[in-house]
Structure formats: structure tokens, C-alpha cells
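**Student:** The structure's right below; bear with me while I get my questions together.
The values are calculated or read from the model by the stated rules, or taken from the named source; none is laboratory data. In this text, all values refer to a predicted model and were calculated from it rather than measured experimentally. FYI the Cβ positions are ideal-geometry reconstructions off the backbone, even for glycines, and counts take in every protein chain you see. Areas reflect the complete protein model, heavy atoms only, side chains present, ligands, DNA and RNA absent. Shrake-Rupley method; radii C 1.70, N 1.55, O 1.52, S 1.80 Å.
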Amino acid sequence: MCPPSDHSHPIAVDAPDTATPGAAASPALIEDLVIANHILFDQGVVDAFGHISVRHDKRPDRFLLARNMAPGNVTSDDIVEFTLDGEPVDARGRKVYLERFIHGEVFRARPDVMAVVHSHSHSIVPLSVVKGVKLQAIFHMAGFVGQGAPVFEIRDFGGDSTDLLISDNALGRGLAGMFADADIVLMRGHGSTVVAKSIPQVVYRAIYAELNARYQLQASQLGDVTYLTAGESQACLDRVEGQTQRPWDFWKSQARERRRGTAG
Ligand SMILES: [Zn+2]
């Protein structure tokens, strides 16, 4: 039994800028991160909560993430640089996401990962809480889901009185360890985290993971479900994910159209 939690983690937190600034990230990378925030909101993956990060293109030991705010409103001025420990470089007094430890620890554990999405998307959560049921690839757009996404049980790392949030580096490391053999991990009673090698790919995966979950919930109400085999999942992963640029360009143009005339 762990010490009782204080149940009082604010999800917007003050954190001093403890790390020294270095080379600036590419403006194009920041622009993609901003538009990815908008796309994830437009596609129903995030609402006022949830976040996307990208590894810094000149400092692999750092990452970029918006300050604490709703993703649909993020502009380039809202992007903050962090160390992998979750220390802000340039928050300049702005509040940051409590759960930034997810991103730093996943980037540390998986050097191949360039982008991370954490969300509470609606169809995923039911699949995180039912014993004996796992999110599984059900259609060709979601081969990356595989034959049973692992579920992070926060009680194994933080006891039975946490607020379920990844509120420090130790919990972040516990979650990150589950990415050894997976690109998506569900978080019991909370949501999911998905990783990829680029912003367009992680956005694609977050959107299609949510759709896969929705289809799985619908199909399982009708009867026995036929899931993709491991071979089918891999073949879909190899072929369909080569096409992520097409939906990325489309979602990007839609997001820009919707925000025409507004900042950011
Ligand atoms: Zn969360």
C-alpha cells in the first residue's frame, strides 16, 4: 500500500525555467506541431484536454509541447521547450501541462520516437477498463494497434489512491517502459498514449486508434469479431502507413480553412 495521495494535483502547473536555452527548433517543426494540435481537436481525439509533443530537431534530449491550454487554440507563441525530465526551458511563467512527464520519459525510453500524442479520446477509455478485453487491430488503417494493446495500470506504480494522472517522472517511466513492444499503450480509466516517427504519422495513428476502438465496440455488440492477424497487421502497417502524407495534407488544409482569419 502506497502513502495516500493528496488528491490535489492541479493539471495546470507553475514550473520555473531551470534549463538553459540552446539552438532554436525549426520554425517548420513548430508550425507542424501547432497544426497537429488543431487537427487532433478537429478530429475528436482531444477536447480541452490531451496533448501532442515532438522531439526537438536540433536537441534530441529536448522536446516541444504547448503550454497548458486547449489544443484547438494553440499558436506558435504557445509552444514551450522542455528537457526530458519535464523541466521547461522557456515557459517564462506560463503554466505547463502536469502530464508533460509522459512525453519526456517516452522520448527517453524510445530514441526512435519523434512524436507523442496523449489523449482521453472517447472510444478508447472503455477498452482500458474491461478485464480480458484489449484494443486490437480491426481494420486495415490501424495495423499499428497489433494483437492487443498493453494497458498501463497506475496502481502497479503509484498505489490505489492516485488521481490517475502521470504527475511525475517515476510514473512517466512506468508508462514509458510499456512501449518496449508497442506503439500504443492504453491507460486504465484514463486514455492512451501513441507514438510514431513523425508528427503526421502520430496524428494519423491517434485518429485511427480512436476509430479502431469505436469499430471494436460496435462490432463486439453484433457478435464474434474477426480481428487482423499479426501478418495482416504488419502488412497494413508497411503499406497503409506509407500514405500518411495524404490525410495529413487534407487535415491540415481543413484545419487552416476552419481558422482562416484567426491568429495561429
Ligand atoms: Zn491525461
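**Student:** List the residues, sorted by chain then number, that are 5 or more residues from Val80 or on another chain and whose placed amide H is less than 5 Å from its amide H.
**Tutor:** When sequence neighbours closer than 5 places are left aside, the close amide H contacts are Leu65, Ala66, Arg67.
**Student:** Turning to a different aspect of this structure: State the antiparallel share, in %, of DSSP beta bridges confined to region 109-264, rounding to the nearest 5.
**Tutor:** Roughly 80 percent of the DSSP beta bridges within region 109-264 come out antiparallel.
**Student:** Please compute the contact order of the chain in relative form: average sequence separation of alpha-carbon pairs under 8 Å and at least six residues apart, divided by the residue count, as a percent.
**Tutor:** 23 percent
**Student:** How much net charge surrounds Ile154 when only the other residues with a Cβ under 13 Å from the Cβ of Ile154 are counted, with Lys and Arg +1 and Asp and Glu -1?
**Tutor:** Taking every Cβ under 13 Å from that of Ile154, the sum is -3.
**Student:** Another question, then. Compute the label zone of Gln243 within region 139-159: residues whose backbone N is under 16 Å from the point 7 Å along Cα-to-Cβ.
**Tutor:** 139-144, by backbone N distance to the label point.
**Student:** Turning to a different aspect of this structure: Report the relative contact order of region 86-189, percent, no decimals, based on alpha-carbon pairs under 8 angstrom and at least 6 residues apart.
**Tutor:** Reported as a whole number, the value is 37 percent.
**Student:** Most mobile of Pro247, Pro71, Pro27 per a Gaussian network model of the chain (Cα springs, under 10 Å)?
**Tutor:** Pro27
**Student:** Counting only heavy atoms of the protein chains, get the accessible area per residue of the chain (1.4 Å probe) and round it to a whole Å² value.
**Tutor:** Dividing the accessible area of the chain by its residue count gives 46 Å².
**Student:** What do you get for trypsin sites (Lys or Arg not before Pro) in region 18-105 restricted to DSSP loop and a cutoff of at most 14 other Cβ within 10 Å of the site's Cβ?
**Tutor:** Lys58, Arg92
**Student:** Please work out the ratio of the alpha-carbon Rg of region 99-140 to 2.2 N^0.38 Å and round it to two decimals.
**Tutor:** 1.47
**Student:** For region 200-264, which whole percent of the accessible surface, found with a 1.4 angstrom probe, sits on carbon and sulfur atoms?
**Tutor:** Looking at region 200-264 in its full context, I get 50 percent from C and S.
**Student:** Report the far tail of the P(r) of region 83-170, meaning the percent of Cα-Cα pairs longer than 15 Å.
**Tutor:** Distances greater than 15 Å cover 71 percent of the Cα pairs.
**Student:** Next question, about the same structure. Using alpha-carbon positions, what is the distance between the centroids of region 204-253 and region 17-43, in Å?
**Tutor:** 26 Å
**Student:** Where both partners of a DSSP beta bridge lie in the chain, what percent of those bridges are antiparallel, to the nearest 5?
**Tutor:** 90 percent
**Student:** Limiting things to C-alpha atoms, what are the Rg and the maximum Cα-Cα separation (Dmax) for the chain, in angstroms?
**Tutor:** Values for the chain (Cα only, Rg and Dmax): 17.9, 57 Å.
**Student:** What's the percent breakdown of Cα-Cα distances in region 197-263 across 10 Å bins, shortest bin first?
**Tutor:** 17, 37, 30, 13, 3
**Student:** Roll a 1.4 angstrom probe over the protein heavy atoms and tell me the percent of accessible area of region 68-158 that is carbon or sulfur.
**Tutor:** Using a 1.4 Å probe with all protein chains present, region 68-158 comes out at 52 percent carbon and sulfur.
**Student:** Send over the Kirkwood Rh of region 148-237, from the inverse of the averaged 1/r over different Cα pairs, rounded to one decimal Å.
**Tutor:** By the Kirkwood definition, the hydrodynamic radius is 14.8 Å.
**Student:** OK, next. Within the chain, what is the number of lysine pairs with alpha carbons under 26 Å apart, leaving out pairs fewer than eight places apart on the same chain?
**Tutor:** 5
**Student:** Also: If I take the Cα coordinates of region 76-130 and project them onto the principal axes, what are the three extents in Å, biggest first?
**Tutor:** Sorted from largest, the Cα extents of region 76-130 read 42, 26, 18 Å.
**Student:** Which residue fluctuates most in the GNM of the chain (Cα springs below 10 Å): Phe144, Phe157, Phe63?
**Tutor:** Phe157
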